[in-house]
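Participant: Here it is, the structure, as structure tokens.
The values are calculated or read from the model by the stated rules, or taken from the named source; none is laboratory data. What you are looking at is a predicted structure, and each value in this text was computed from that prediction instead of being measured. Neighbour counts are summed over all protein chains in view; Cβ atoms, including those assigned to glycine, are modelled from backbone coordinates with ideal geometry.
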Amino acid sequence: MNTSPGALLRAKLNERRGLLVPGCGNALAARVIETLGFEAIYLSGAGLTNSFYGIPDLGFLHLGDVVQHTAAIRDVVQLPLIVDADTGFGNALNVRQTVRALERAGANAIQLEDQVMPKKCGHFAGKAVVEAGEMVGKIQAAADARGSEDFLLIARTDARAVHGLEDALERAQRYAEAGADVTFVEAPTSTAELERVAKLPLPQVVNVVIGGKTPALPASEFARMGFGMVLYANAALQGAVRGMTNALSQLQQQGILDEDPALVATFGERQALVHKPLFDELDRRYGG
């Protein structure tokens, strides 16, 4: 039995049980996700842009940024890692290089989308998509470039907001035929639309953006529909922003902040999360 992270991820998605996958923007958030017992991790392009640069998700990332953070996350967690590769950072040739670089860095799957560069967050207004044939070429290049068949290709279409649901469903079918392992119709706006998306042949991703366009349903309901993955790409980020705001507001107002578990992790919890005891043991072993 193949137990590689990519093969395990493929098996989980093929179950169509609504695998709940949180996104992260850095390695520390990935550690939290793994510690809490989730089964896979998603490196969010929006989360990385917001947390690394402090700017909106409007296509500012470079391949090097994503490779760097992929490698950092892979170094500290064992879970299957899905990486948001935006549009592949260019044309089909750029996609080829993107796949090679991210697979070497430790990704087990990447998501490619059919937006025009520079892309926008899938729940922003004013998106544009490339011709479907151009995206088909990118998927074919990605499939040829991967070193392992256990490296999964997730093909996302943003056509729902541009040309309507019918075009988005047709594109998903074409992308599946081109070699995608999973397809992803971004930003359906109703339960009826979600039901139609879930019936597509390949496992499907539903992206629940908190405050976004897609209805936020229980994971059990998405599982009933037959979705392969229920993605909360930036729940950790939005929770962290609220947590930072609450803790620092108390510090500003009261001039002191102690280990209040309602506001901050304790010093010990923080050191446990980053595996400080392991480094203490290594220091004793190698320090002389």
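Participant: Of the residues that make up the range 124-131, is at least one under 19 Å from LEU61 (Cα atoms) and under 19 Å from the mean Cα position of the chain (by Cα)?
Facilitator: yes
Participant: Do we find a residue being farther than 24 Å from LEU273 by Cβ, free of Cβ contacts under 8 Å to residues at least 40 places away in the same chain and out of contact with any Phe, Trp or Tyr (no Cβ under 7 Å at 6 or more places or on another chain) anywhere in the range 104-119?
Facilitator: The answer is yes; a qualifying residue exists.
Participant: Among the residues of the range 50-67, write down those that are without any contact (Cβ under 8 Å) to a residue 24 or more places away in the chain and not aromatic (Phe, Trp, Tyr).
Facilitator: Answer for the range 50-67, where residues must be without any contact (Cβ under 8 Å) to a residue 24 or more places away in the chain and not aromatic (Phe, Trp, Tyr): GLY54, ILE55, GLY64, ASP65.
Participant: Right, GLU39: acidic (Asp, Glu) and over 30 Å from ALA219 (Cβ atoms) or not?
Facilitator: For GLU39, the condition - acidic (Asp, Glu) and over 30 Å from ALA219 (Cβ atoms) - is not met.
Participant: Take residues that are over 30 Å from ALA178 (Cβ atoms), hydrophobic (A, V, I, L, M, F, W, C) and within 26 Å of the chain's Cα centre (by Cα) and tell me which of the helices (runs of 4 or more DSSP H) falling wholly in the range 199-288 contain 1 or more.
Facilitator: Counting at least 1 such residues, we get 235-254, 267-273.
Participant: For the range 204-215, which residues satisfy the criterion of being farther than 19 Å from LEU112 by Cβ, in contact with a strand residue (DSSP E or B) (Cβ under 9 Å, 6 or more places away or on another chain) and either outside the structural domain of ALA125 (by TED's automatic domain parsing) or surrounded by 14 or more Cβ atoms within 10 Å (Cβ to Cβ) (or both)?
Facilitator: Within the range 204-215, VAL208, THR214 qualify.
Participant: Looking only at the range 101-119, how many residues end up being surrounded by fewer than 19 Cβ atoms within 10 Å (Cβ to Cβ) and either touching a strand residue (DSSP E or B) at 6+ places or on another chain (Cβ under 6 Å) or more than 15 Å from ASP65 (Cα to Cα) (or both)?
Facilitator: 3
Participant: Continuing with this model, one more query. If MET244 passes every condition in (1) without any contact (Cβ under 8 Å) to a residue 24 or more places away in the chain; (2) farther than 27 Å from LEU81 by Cα but one, which one does it miss?
Facilitator: (2)
Participant: Next question, about the same structure. Is it true that some residue in the range 151-174 is at positive phi, in the same structural domain as CYS121 (by TED's automatic domain parsing) and within 22 Å of the chain's Cα centre (by Cα)?
Facilitator: There is no residue in the range 151-174 that is at positive phi, in the same structural domain as CYS121 (by TED's automatic domain parsing) and within 22 Å of the chain's Cα centre (by Cα).
Table: residues versus (1) part of a helix (DSSP H, G or I); (2) in contact with a Ser or Thr (Cβ under 7 Å, 6 or more places away or on another chain); (3) modelled with pLDDT of 95 or more.
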position: HIS123; (1), (2), (3): no, no, no
position: GLY137; (1), (2), (3): yes, no, yes
position: ALA168; (1), (2), (3): yes, yes, yes
position: TYR175; (1), (2), (3): yes, yes, yes
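Participant: Continuing with this model, one more query. Out of all the residues in the range 1-57, which are of a type in the set (Phe, Trp, Tyr), touching an Asp or Glu at 6+ places or on another chain (Cβ under 8 Å) and closer than 14 Å to MET229 by Cβ?
Facilitator: Within the range 1-57, just TYR42 meets the criteria.
Participant: OK, next. Answer yes or no: is there a residue in the range 187-203 that is among the acidic types (Asp, Glu), in the same structural domain as VAL83 (by TED's automatic domain parsing), surrounded by fewer than 23 Cβ atoms within 10 Å (Cβ to Cβ) and within 19 Å of GLU221 (Cα to Cα).
Facilitator: The answer is yes; a qualifying residue exists.
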